[in-house]
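Values quoted throughout were computed directly from the atomic coordinates according to the rules given, and no laboratory measurement underlies them. What you see is a predicted model; the values in this text were computed from it and never measured. So basically every Cβ, Gly included, is an ideal-geometry build from the backbone, and we count neighbours across all protein chains shown.
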Amino acid sequence: MFCPSVSARADGDRRSGRQALAAVAGVLVVALSACSPESPIGAPWHAKGRAAEDGSIPADSSISPYDSDHPAIARLDPELLSAVRTAAQDARAAGVELRVTSGWRSKAYQQRLLDDAVTRYGSLEEARRLVSTPEKSAHVTGDAIDIGPTDAADWLIRHGRDYGLCQTYANEMWHFELSTAPGGECPVPRDDAAG
Ligand SMILES: [Zn+2]
């Protein structure tokens, strides 16, 4: 559900003064509209159109690991999601907010990301260093999650192994998979997604 994560988010907001008040007020408005029985089912990402069906999250935004009605979260491997949520709670206690910038992706969405990367980097070979094919991507099977912002990814790189979460690729500090038992050792990250 969206609503419980909203109140938790307001509690964890460490910004001070007017900024915090504005943030809390904004969250409350969202919470009221999302929870109001007469409003259409409406988390903010719904307002951006049908795009979320394929697991996409707009490039300039992120969602909470508790936004379980978003397909990017709902279609993750339950074990991975549970580990991320536990980590998010501990991170919050340490003053760090873990946000999800990408989770489960449909094959079509993964292909779109790959096509965009080919356009941007000029060749399939270069693109594949950052974006896997739909056949190979752990996002498509629900076994990978991208975490932001930078301080959150950094926190998870340092503490992820406590939850079994490991950085998979050396060139993607945001991408994590369940790659060890909780408390175990993470495998050495591969150079990139093409390896
Ligand atoms: Zn990723």
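Quick check on segment 54-178: take the gyration tensor over C-alpha atoms, sort the square-rooted eigenvalues as a ≥ b ≥ c, and tell me if it's rounded (a/c under 1.5), prolate or oblate. Working shown, then result.
Working: a/c = 1.89, a/b = 1.55, b/c = 1.22.
Verdict is prolate for segment 54-178.
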Open item on the list: Please give me, ordered by residue number, the GluC sites (Glu not before Pro) of segment 60-164 that lie in loop per DSSP and have at most 11 other Cβ atoms within 10 Å.
Closed with: 135
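Going by how many other Cβ atoms sit within 10 Å of their own, how do 147, 157 line up, fewest first?
157, 147
With a 10 Å Cβ neighbour count serving as the proxy for reagent exposure, in which order, fewest first, do 128, 92 appear?
Numbers: 128 19, 92 16.
With the sparsest Cβ surroundings first, the list reads 92, 128.
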Task: Computed label-point distance, nm, for sites residue 79 and residue 94 using a 7 Å Cα→Cβ extension - done: 2.4 nm
